[in-house]
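Working notes, beginning with the structure itself.
The values are calculated or read from the model by the stated rules, or taken from the named source; none is laboratory data. Quick caveat, the model's predicted, so the values are computed rather than measured. When we count neighbours, we look across all protein chains shown, and the Cβ atoms used for this are built from the backbone with ideal geometry, even at glycine.
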Amino acid sequence: IQAKPKASGKTAVKPSEAKKTANQKEHAPKPPAVVVQPPLHGTSLSESYKTGNHLGKGGFAVCYEGELQCRRDNIKDRIYALKIVPAKMNHKKMEDKFRTELQIHAKLHHPNIVEFHRAFTFKESTYVVLELCSSGSVMELVKKRGCLSLPEVRRLTVQLCGAVKYMHARNVIHRDLKMGNLFLDHDMNLKIGDFGLAAVLVSKSEYEGVFSKNASRRTTVCGTPNYIAPEILEKAKGGHDHKVDIWAIGVILFAMLTGFPPFQATSQDEIYRKAKNVEYDWPDSGANSRRCHNDIPLEAKGLVSYLLQVDAEARPNPDGIVSHRFFWMHGGNAIPLALDPSCRRQKPSWL
Ligand code: ADP
């Protein structure tokens, strides 16, 4: 691990990004009022985006709304998220990493993955045009609400599992699944974003020597402290694989239900020790925190313990997760077909 995250465990530990932070944060680019996308191959048409509201800031990107000013009649003006990073980074490795992120993200098309539209360079910044997720992240939602109701948790988990199943079937592991990387569109649909730590599992014959002994496993230590799977911490002999994402789903599920992550401590080492020993406590019934009053059913606890297993092989795949009895507890009413945007602020009125 090269960058020391805060003990709170909220900062991602990205590999090979030694000194990305202070310097680059200070120089987070402010966008020009209009950003021009150079003409696409084979056309003379350049398109432009009018920049709007600031959406957020990450480790090395800053995000603004961008309204496409389209000169063609057949496309309606649309608002996207413009993710902006400096075209020249301090470290070559970071540039390579960013390129990998874009290459992986551009190939993924799923209703529960933030859609990647295009990327281009304009005035010394790279602009990534993404589907706009105007309802923020699941982390912001949980912060605002204290915790989420069971039907909401079920719906978001089903959407998360659908996207993870799709990624894993394409040999992509995200490796940084956490509430802050689960975005919500206007209709409260979950969309996985930020592929900065994603990796493709490749066959040994293709990349002999780059990866660990076992053909389809990775060895880099990465992730966000609260969400890191034990096999990454232990630098398991065979490396790690897609099951690290399943562990992270367990952490996310616990946090949505209770309002706090299962492995918490004031030091990072202690967080890691607890994760390795799968040491977590459920809050007393009805008293999770001042703001969260979920009575967490045994079914939900059972599912979390099914996911948070040190033995990665024993963890279920996404299909196994959504067929767990937690999802069928209340018969056909267990999973809402839609969520109203008002639940950004308050528990849905139908509960
Ligand atoms: P980094 O790669 O630097 O971690 P992120 O991908 O996390 O950057 O983006 C930084 C912030 O920008 C996010 O925390 C979020 O607030 C906002 N953001 C990112 N993508 C979107 C999106 N598609 N829609 C709306 N806001 C977004």
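Structure notes:
- Number of positions in the stretch 163-199 that are of a type in the set (Phe, Trp, Tyr) and either assigned to a strand (DSSP E or B) or at pLDDT below 95 (or both): 1
- Pairs, first farther than 13 Å from Leu190 by Cα in the stretch 332-347, second at pLDDT 85 or above and among the small types (Gly, Ala, Ser), C-beta under 7 Å, six or more apart: Lys347/Ser149
- Given (1) modelled with pLDDT of 95 or more; (2) out of contact with any strand residue (DSSP E or B) (no Cβ under 7 Å at 6 or more places or on another chain); (3) surrounded by 19 or more Cβ atoms within 10 Å (Cβ to Cβ); (4) among the aliphatic types (A, V, I, L, M), number of the condition Leu160 does not satisfy: (2)
- Contacts under 6 angstrom Cβ, first residue in the stretch 60-80 being among the aliphatic types (A, V, I, L, M), partner at pLDDT below 85, 6 or more apart: Val62/Ala28; Leu68/Asp77
- The stretch 119-132 residues that are touching a residue at least 40 places away in the same chain (Cβ under 8 Å) and more than 15 Å from His105 (Cβ to Cβ), paired with ones that are among the aromatic types (Phe, Trp, Tyr) and within 13 Å of the ligand (Cβ to nearest atom) (beta carbon under 7 Å, 6 or more apart): Leu132/Tyr80
- Gly66 being in contact with a Leu (Cβ under 8 Å, 6 or more places away or on another chain), within 15 Å of the ligand (Cβ to nearest atom) and on the phi > 0 side of the Ramachandran plot: no
- Scope the stretch 42-67; condition in a loop (DSSP other than H, G, I, E, B), within 16 Å of the chain's Cα centre (by Cα) and more than 11 Å from Leu82 (Cα to Cα); matching residues: Gly58, Gly59, Phe60
- Test: residue in the stretch 1-22 that is modelled with pLDDT of 60 or more and more than 24 Å from Arg99 (Cα to Cα): no
- Every condition in (1) within 13 Å of the ligand (Cβ to nearest atom); (2) part of a strand (DSSP E or B); (3) of a type in the set (A, V, I, L, M, F, W, C) holds for Cys133 except the one numbered (2).
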